[in-house]
Every structure is written in C-alpha cells, then in structure tokens.
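The values are calculated or read from the model by the stated rules, or taken from the named source; none is laboratory data. Note that the coordinates shown come from a computational prediction; the quantities given were computed from them, not determined experimentally. Here the Cβ positions follow ideal geometry from the backbone for every residue, glycine too, while neighbour counts run over all protein chains shown.
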Amino acid sequence: VQAHWDYSSLFGPNMWSRIFPDLKDRKFQSPIRIYTEQAEYEPILTRYPLIFDTVDDCCQTLENTGHTFQVSGTGHTYITGGPVLDEFQFLQFHMHWGANEHEGSEHVIDDVRSVAELHIVTWNTTQFSTPQEAAISDQFDGLLVFAVLFNVVPIDNPTLEQLIELLPQIAHKGQKITLDSNVVSLRNFMPKNMEDYYTYSGSLTTPMCYESVRWVIYRERMNISRKQLNQLRKLRHTCASDKAVNGCIKKNFRPLMPINGRRIFRSFR
Ligand code: GRE
Ligand code: ZN
C-alpha cells in the first residue's frame with residue numbers, strides 16, 4: 001500500500017520527498033513554468049500532424065481517487081505524429097484545481113496560472129505491454145499526457161457539466177460508477193485547435209512522480225464556470241467509512257518544479 005500523501009501542509013508537495021525518499025533524486029519533474037518566447041519553435045512538430053483518433057465509447061468509468069476525479073477507459077484511441085513516433089492509447093483523464101480563482105493549474109504559461117488543468121493520459125503501446133509498465137519506466141516516452149488549461153467564465157461548460165452532475169455519486173474516495181456509453185466523449189475535452197501546443201519531457205505530477213511523461217500542453221484553453229469549480233471542490237479525499245474527517249479536495253495542484261536545463265518546444269510560430 002502506498003504511503004499517504006495529499007496537498008496539505010503536513011502531507012503535501014513540500015513533504016513528498018520525505019514520504020517518498022526516491023523523489024529526491026528526480027531532476028526532470030513537472031509541472032514547470034513556460035514562456036512562449038523562450039520555447040523553441042520546432043517545425044518538425046508540424047511535419048506529421050499530432051493525430052488524436054478517438055471513438056466515443058472510450059470513457060467507461062468515473063472514480064474518486066481521493067486526489068481528483070478520474071475518467072478511465074480502454075482502447076480505440078490512437079495517437080501518432082507530432083513529437084512522437086510510437087502509438088499511444090487512452091488510459092484516463094483527470095483534473096487539477098485550486099482553492100480560489102487565482103490558482104489551480106499546474107503548468108504556468110507566460111506568468112498566468114489558470115484556474116484548472118485537465119490531463120488526458122495515454123500510454124505507449126508500441127514499447128510497453130501494460131500502462132503500469134509504461135508509467136514506471138522513467139523513460140520520457142512511456143506516457144504522453146495532453147494538458148488543457150481553463151479560463152473561468154460566467155457560463156457553465158456543457159461538456160464538463162455532464163461529468164459534474166455525476167460527482168455527487170462519487171463524493172467519497174474509492175467510489176466508482178460506470179458511464180453510459182456516449183455520456184462523455186473524449187473529443188469534447190480537446191480544444192478545437194490541436195495544432196498549437198508546447199511540448200517537453202517531464203514527470204507525473206503526483207507520487208511517485210516518475211519521469212516517464214512527454215507533455216503536450218495545448219495553447220487553446222477551455223472554459224469552466226465558478227459554480228463548476230465549486231462542485232469540484234466538494235469532492236472528498238476520504239472514504240465513506242471514514243467517520244472522523246470529511247475533508248474536501250479544495251486544491252490538488254503541485255507547485256512549479258525546476259527546469260534544470262530542459263528544452264521546451266512549441267509547434268507554432
Ligand atoms: C496525475 O496523477 O496527476 C498524473 C497521472 C499520470 C500522468 C500525469 C499526471 O496519473 O499528472
Ligand atoms: Zn495530472
């Protein structure tokens with residue numbers, strides 16, 4: 001069983017390397033700060049378009065992990081092109097958010113920390129035989145994670161709303177429901193412009209923070225309302241059987257990590 005960690009002062013990001021001593025040796029961590037001007041324009045990224053070919057039934061379950069909500073599924077999503085040569089398959093998506101409107105995203109672009117960040121996690125089926133093997137590989141092409149940042153607007157995001165309506169059913173850690181097919185379409189969680197993105201090599205942003213991630217951070221943002229952010233903050237990090245504490249996941253983003261000489265690329269001029 002993994003040791004307890006969360007986003008509090010006692011068990012939060014500043015303590016993770018004491019809870020998990022292996023973390024001290026990791027030098028290529030995520031998230032990071034990105035400046036568009038300093039990212040290198042890389043025309044090769046546009047030679048083969050980054051194709052995200054998905055079918056509608058890949059979102060199969062919705063679960064409270066105790067750290068976020070997570071939509072998981074298998075199969076039928078194949079990504080090729082852009083920064084990668086191998087084939088990747090959809091595994092899960094989840095979100096990170098903050099306690100107020102001035103925080104929430106993990107990556108910070110051009111000094112803007114947005115209110116939330118969606119992570120669509122895919123794994124390398126060419127080189128690995130299971131998602132777990134890909135995640136713990138510490139090879140930067142084990143996972144390909146697509147990140148979408150959010151702007152806060154007065155109107156609900158209808159795509160997100162379909163999921164948010166279901167969150168009361170997974171209020172507690174460990175609770176999981178099956179999604180009816182077509183309730184959630186992965187395609188609706190991607191921005192319209194999928195050609196403009198930043199990319200760099202880094203890590204998972206949660207323990208064990210394996211350095212197995214090729215990040216693709218879309219330039220276009222999606223919208224979320226204040227009401228919807230508040231619904232996310234009502235998810236609990238405790239089990240239903242846990243009578244003593246009933247804490248909510250008020251925030252679940254990791255602070256910025258040092259770049260340590262990594263190159264950051266962009267696909268657009
Ligand atoms: C996370 O837990 O936040 C996470 C994953 C996999 C890839 C990236 C990431 O579970 O941030
Ligand atoms: Zn994440």
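Here are the criteria: (1) within 13 Å of ligand 1 (Cβ to nearest atom); (2) out of contact with any strand residue (DSSP E or B) (no Cβ under 8 Å at 6 or more places or on another chain). Tell me which single one GLU165 does not satisfy.
For GLU165, the exception is condition (1).
Can you tell me which residue in segment 177-194 is nearest to GLN38 (Cα to Cα), limited to those that are away from ligand 1 (no atom under 16 Å from the Cβ) and aliphatic (A, V, I, L, M)?
Within segment 177-194, the first condition is being away from ligand 1 (no atom under 16 Å from the Cβ), and the residues that meet it are 177-185, 187-188, 190-194.
Retained after the next criterion (residues that are aliphatic (A, V, I, L, M)): 177, 179, 183-184, 190, 194.
Working: ILE177: 43, LEU179: 42, VAL183: 40, VAL184: 36, MET190: 25, MET194: 21 Å.
The qualifying residue nearest to GLN38 (Cα to Cα) is MET194.
Return the only residue of HIS102, HIS94, HIS67, HIS107 being within 16 Å of ligand 2 (Cβ to nearest atom), closer than 26 Å to LEU229 by Cβ, free of Cβ contacts under 8 Å to residues at least 40 places away in the same chain and not β-branched (Val, Ile, Thr).
Numbers: HIS102 fails: within 16 Å of ligand 2 (Cβ to nearest atom); HIS67 fails: free of Cβ contacts under 8 Å to residues at least 40 places away in the same chain; HIS107 fails: free of Cβ contacts under 8 Å to residues at least 40 places away in the same chain.
Residue meeting the stated conditions: HIS94.
Which of the residues spanning segment 195-219 are part of a loop (DSSP other than H, G, I, E, B), under 16 Å from VAL108 (Cα atoms) and more than 14 Å from ligand 1 (Cβ to nearest atom)?
ARG219, the sole residue that qualifies.
Quick check, is LYS251 assigned to a loop (DSSP other than H, G, I, E, B), surrounded by fewer than 19 Cβ atoms within 10 Å (Cβ to Cβ) and at pLDDT 95 or above? Walk me through how you get there before you give the answer.
Values: assigned to a loop (DSSP other than H, G, I, E, B): yes; surrounded by fewer than 19 Cβ atoms within 10 Å (Cβ to Cβ): yes; at pLDDT 95 or above: yes.
The answer is yes for LYS251.
Looking at GLY12, GLY81, GLY98, GLY66, which one is at positive phi and within 16 Å of ligand 1 (Cβ to nearest atom)?
GLY66
Report yes if PHE140 is surrounded by 15 or more Cβ atoms within 10 Å (Cβ to Cβ), more than 18 Å from LYS192 (Cβ to Cβ) and among the aromatic types (Phe, Trp, Tyr), otherwise no.
Working: surrounded by 15 or more Cβ atoms within 10 Å (Cβ to Cβ): yes; more than 18 Å from LYS192 (Cβ to Cβ): yes; among the aromatic types (Phe, Trp, Tyr): yes.
Against the criterion (surrounded by 15 or more Cβ atoms within 10 Å (Cβ to Cβ), more than 18 Å from LYS192 (Cβ to Cβ) and among the aromatic types (Phe, Trp, Tyr)), PHE140 qualifies.
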